[in-house]
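As structure tokens, the structure follows; a few thoughts come after it.
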């Protein structure tokens, strides 16, 4: 399998790191991981990123870098009300969950999915006319760490944490650049293949019969993400299912199969990139 992204779910945070000041019901990660237990209103982001998310780092004594946590239920997000800080801020790091960012202009429309470890600055979209009217929606219960002025002061001397946040911002930019490739294809089936390759490489779960993708991808949402109309997506999905490339295994799950025929792979010019992203040539 490719090593640049993990085809696994993001592990849940452990309760021993960070200060728990609020207890609410558990939620699940978008990839179908274990339920999250303590949903905290404050988190030590240094411990969370460097010790819980990435086991390569050995815990060392370091100043706490507490960040305020915003809990978002599924549904539209009022960016001004829910993703602002009175003391000013530099951005948000998504701790867990899944958010759709939707843009449209006339007949043009598109969307992005962002999830755990993405670093976003919603106000930056307001600086460009074409992105100023973006709409944000939490698809599942989601937690955001607020990177405000108070946090940046606490994190100023935490070199590894600052490096991790810069890396998160760079990965998010790369992720959105890869997403832009999806809408460049003139064929709807190839747009879907590229989209599933992108999501499968990041959020897929390896199985003997393919890559299982547990995301709430309805035909309507897939149309938004691919920049096409829903009927076109429905027809393309039906074709991919008939050829054995794709199977819908539940309302929120898709199986990206290993069993495509040579004729199927030859019909799609993006097939080498699709297979490489999902590690199909190695299975």
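Taken together, the values in this text are just the output of simple stated rules run on the coordinates, not laboratory data. Note that this is a predicted model, so its numbers are computed, not measured. All Cβ positions, glycine included, derive from the backbone under ideal geometry; neighbour counts span all protein chains shown.
Some points to look at:
- Cα-based shape type of region 147-283, given that a ≥ b ≥ c are square roots of the gyration tensor eigenvalues and the cut on a/c is 1.5: prolate
- Cut-off 14 Å (backbone N to label point 7 Å along Cα→Cβ of residue 235), residues of region 175-200: 187-190
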